[in-house]
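Asks: My questions all concern the structure below.
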Amino acid sequence: MQDAVSVSHGMRGYTAGKLWNIDTVAVLSRIGKVAAAMTAATLVEKFEVTHILFTGVAGSADFGVSVGDIVIAEALVQHDMDASPLFPRFEVPLTGLSHLPTDRDLSERLAGAARTFLDATSGPRLHRGLIGSGDQFIDDAVRLAALKDALPGLLAVEMEGAAVAQVCFELGIPFAVIRTISDNANENAATDFMHFVKTVASRYAFEIIKNFCHA
């Protein structure tokens with residue numbers, strides 16, 4: 001990042017500058033829905049960002065989605081949201097929505113950037129669809145199967161994306177979410193996750209975002 005300036009706020013380090021000639025603020029969201037929502041709201045309210053692009057890793061929730069594949073969200077759902085009988089299961093109270101859609105134009109541009117990266121990489125595939133978020137690290141095949149039964153279109157599970165989606169929906173901020181699959185959300189997930197984050201995910205994110213900025 002050029003002309004980088006670091007700002008500490010709310011136990012987070014925000015770095016502002018130009019990333020491939022685009023005014024950018026970069027920050028680690030921290031883990032979990034509340035942490036991610038606070039980070040997203042701060043980006044909008046304090047740093048006045050106009051768009052949010054959220055990268056990270058996720059567990060596979062579909063047999064057709066393998067470790068190393070890339071998933072771009074078309075919508076996100078809080079899979080642990082259940083205010084029934086006041087509201088239908090998964091629906092975010094007072095929004096009328098359970099599946100929060102991403103910005104179509106940003107997601108298309110992000111998909112193009114990912115395809116450019118994948119064309120030079122053998123093996124990984126690109127998927128687009130539903131990502132589920134919850135304050136649970138899914139490492140149990142039985143729990144995952146139950147989620148899949150309730151949300152048949154689910155491609156991946158993680159812990160932040162749908163919270164960012166809700167903040168962006170309520171504040172009117174275009175956003176997109178991209179996840180690299182780090183594990184199969186089963187009993188080996190914790191070991192696979194840490195290894196993958198250190199060796200693969202950061203490189204994938206860097207190259208795809210570079211392509212995105214140059215598009």
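We did not get these values from a lab; they are worked out from the coordinates using the rules stated. If you're wondering where the values come from, they're calculated on a predicted model, not measured in any experiment. All Cβ positions, even for glycine, are placed from backbone atoms using ideal geometry, and neighbour counts span all protein chains on display.
Asks: Just to be sure I understand: with springs between alpha-carbon atoms less than 10 Å apart, which residue in L144, L171, L110 has the highest mean-square fluctuation in the Gaussian network model of the chain?
Replies: L171
Asks: Pop a pseudo-label 7 angstrom from the Cα along the beta-carbon direction at both H51 and W20 and give the gap in nm to one decimal.
Replies: Those two pseudo-labels are separated by 1.1 nm.
Asks: When the chain is treated as a GNM, springs tying every alpha-carbon pair under 10 Å, which of S122, S98, S66 comes out with the largest mean-square fluctuation?
Replies: The residue that fluctuates most here is S122.
Asks: Separate question: Taking K and R as +1 and D and E as -1, what net charge do the other residues with C-beta under 13 Å from the C-beta of G10 add up to?
Replies: So the surrounding residues net to +2.
Asks: If the label point is 7 Å along Cα→Cβ of D140, which residues in segment 65-96 have backbone nitrogen under 20 Å from it?
Replies: 78-83, 90
Asks: Subtract the Cα-Cα distance of T95 and C213 from 0.36 nm times their separation in residues, and report this length gain in nm to one decimal.
Replies: 39.3 nm
Asks: Using the crude model of +1 on Lys and Arg Cβ and -1 on Asp and Glu Cβ, and no other charge, please compute the dipole size for the chain relative to its Cα centre, in debye to 20. Working shown, then result.
Replies: On the way: 17 positive and 25 negative charges, 89 e Å.
Dipole about the Cα centre, nearest 20: 420 debye.
Asks: Then there is this: Tell me, E158, E45, E91 in order of fewest to most beta-carbon neighbours within 10 Å?
Replies: The order, fewest Cβ neighbours first, is E45, E91, E158.
Asks: State the extension gain, in nm to one decimal, for the chain segment bounded by E170 and I31, taking 0.36 nm per residue of separation less the distance between their alpha-carbons.
Replies: 47.9 nm
Asks: If you don't mind, another one. Given the options M81, M194, M11, state which has the largest fluctuation in a GNM of the chain using a 10 Å cut-off (strictly under) for Cα springs.
Replies: The residue with the greatest mean-square fluctuation here is M11.
Asks: Follow-up. Counting each DSSP H run of 4 or more residues in the chain as -39500 (n - 2.57), what helix-only mean residue ellipticity at 222 nm follows after dividing by all residues, to the nearest 500 deg cm²/dmol?
Replies: Working: 6 runs with 71 residues, N = 215.
Result for the chain: -10000 deg cm²/dmol, rounded to the nearest 500.
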